[in-house]
Amino acid sequence: MAYELLTLERHDNGVAVLTLANGKVNALSGALVAEIGAAAQDLTDSPPSAVIVSGGDRIFAAGAEISEFGGPDEAKVIGPEIHAAFDRLAALPCLVIAAVSGYALGGGCELSLACDYRIASERAVFGQPEILLGIIPGGGGTQRLARVVGPSKAKEMCLTGRQVKAEEALRIGLADEVVSPESLMDRALELGATLAKGATVGQGICKRAIDEGLSTSLAAGLQIELDAFVEVFGTEDSQIGVKSFLENGPGKAEFVGR
Ligand code: COA
């Protein structure tokens, strides 16, 4: 599909880069959300080895397009559309990395939370400022933020609308790494390249086990792991990896992604 409000590049090593390109503030209009959903479907149909989600230089994404808000009837449409697009992105069978350059507010913060891993530039600012408009996060923020930073910090952020700079984001686990603005994309691409050289099917199985386990009890999660553990031994990469270790020692396997 041809995209107008984002770009989707696929690199030769299997890493895909999705970049929001909706004007100066990357507001998540209905049209942009539809394109994110379509891009996530494209990536689902033909899975990459890793995905990097990035936005503008100063503003990663400033949240939902506020001019499209109305009353409860509009909310009934906007909320499920954002959830569907972000859930599809989150469910990709590979690591989805947010490269957060600057402001990630509202739906922008929620988009980064739908990713598996957040690399923030020193200029990044995260926040769920919806309450300052008298509303609450509707793109997964109340649930995913609480799972990432814990319920007390999520409540403090969502109930006050306070924004969190990169250093604090790192401290509370909202950012996984903080790097200089100049090295942000290089670092994201480097991580993507490392993943692309790995056992990508196993990575997808591992991600699924972690995510499914987190939404259930420990006992059910441990059973999910056991099933996934058996499943991964059915991959060609597991045979390659074990054989390579026994013959040549650790870290030398050349995986084929099957
Ligand atoms: N939806 C629609 N328009 C938005 C927007 C959004 N989420 N965020 C910013 N804009 C618009 C502003 O209204 C302004 O429009 P104008 O040029 O026609 O006046 C323009 O983008 C630039 O915003 P401005 O606030 O002047 O830029 P800034 O550089 O000072 O600040 C932000 C940038 C992102 C920090 C600030 O705009 C902001 O806090 N935005 C709202 C974030 C938010 O509440 N998101 C949750 C939405 S539910």
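Taken one residue at a time, the phi angles of region 36-50 give Karplus couplings (6.51, -1.76, 1.60, θ = phi - 60°) of 4, x, 5, 5, 5, 5, 4, 5, 5, 5, 9, x, x, 7, 6 Hz. Gly and Pro are set to x.
Candidate cross-link partners of Lys165 among the aspartates and glutamates, defined by an alpha-carbon separation under 20 Å and a same-chain spacing of 8 or more, comprise Asp57, Glu110, Asp116, Glu122, Glu130, Glu156, Asp176, Glu177, Glu182. Taking the average, over residues, of other Cβ atoms within 10 Å as the packing measure, peptides 94-106, 229-241, 53-65 rank 94-106, 53-65, 229-241 from highest down. Close amide H partners of Tyr117, meaning residues 5 or more places away or on another chain with modelled amide H under 5 Å apart, are Val96, Ala98. The share of accessible area on the chain that comes from carbon and sulfur is 58 percent, using a 1.4 angstrom probe. Excluding same-chain residues fewer than 8 positions from Lys252, which lysines have a Cα within less than 26 Å of its Cα? Partners found: Lys197, Lys207, Lys243. Kindly express, to the nearest 10 degrees and within the range 0 to 90, the angle between helix 151-160's C-alpha long axis and the longest C-alpha principal axis of the chain. Helix 151-160 sits roughly 30 degrees off the main axis of the chain. When peptides 246-256, 1-11 are ranked by their average number of other Cβ atoms within 10 Å per residue, the highest-first order is 1-11, 246-256.
3J(HN,Hα) along region 102-115, derived from phi through the Karplus expression 6.51 cos²θ - 1.76 cosθ + 1.60 where θ = phi - 60°, amounts to x, 5, 10, 10, x, x, x, 5, 5, 4, 5, 6, 6, 7 Hz, with x in place of Gly and Pro. Ligands, DNA and RNA aside, Ile210 has an accessible area near 100 Å² when probed at 1.4 Å.
Work out, step by step, the length gained on full extension between Leu226 and Asp73: first 0.36 nm times the residue separation, then minus their alpha carbon distance; give nm to one decimal. Provide the component values of the computation, followed by the final result.
Numbers: separation 153, 0.36 × 153 = 55.08 nm, distance 4.40 nm.
Taking 0.36 nm per residue and subtracting the Cα distance, the gain is 50.7 nm.
Computed from Cα positions, the angle between helix 184-196 and the longest principal axis of the chain comes to roughly 30 degrees.
Residues whose amide H falls under 5 Å from that of Gly63, counting only those 5 or more places apart or on a different chain, are Leu28, Leu105, Gly107, Gly108, with hydrogens built in the peptide plane. Which of these, Leu214, Leu189, Leu32, has the largest mean-square fluctuation under a Gaussian network model of the chain (Cα springs below 10 Å)? Result for the chain, Cα springs under 10 Å: Leu214 fluctuates most.
Pairwise alpha-carbon distances in region 6-196 exceed 22 Å for 40% of all pairs. Highest mobility in the GNM of the chain, judged by mean-square fluctuation with C-alpha springs under 10 Å and restricted to Gly108, Gly202, Gly134, is found for Gly134. Phi angles across region 166-174 convert, under the Karplus curve 6.51 cos²θ - 1.76 cosθ + 1.60 with θ = phi - 60°, into 3J(HN,Hα) values of 3, 4, 5, 4, 5, 5, 8, x, 6 Hz, Gly and Pro given as x.
The values are calculated or read from the model by the stated rules, or taken from the named source; none is laboratory data. The structure presented is a predicted model; accordingly, all values stated were derived computationally and were not measured. Heads up, the Cβs are rebuilt from the backbone with ideal geometry, glycines too, and the neighbour counts pull from every protein chain shown. To get the accessible areas, we keep the full protein, side chains included, count just its heavy atoms, and leave off ligands, DNA and RNA. Shrake-Rupley method; radii C 1.70, N 1.55, O 1.52, S 1.80 Å.
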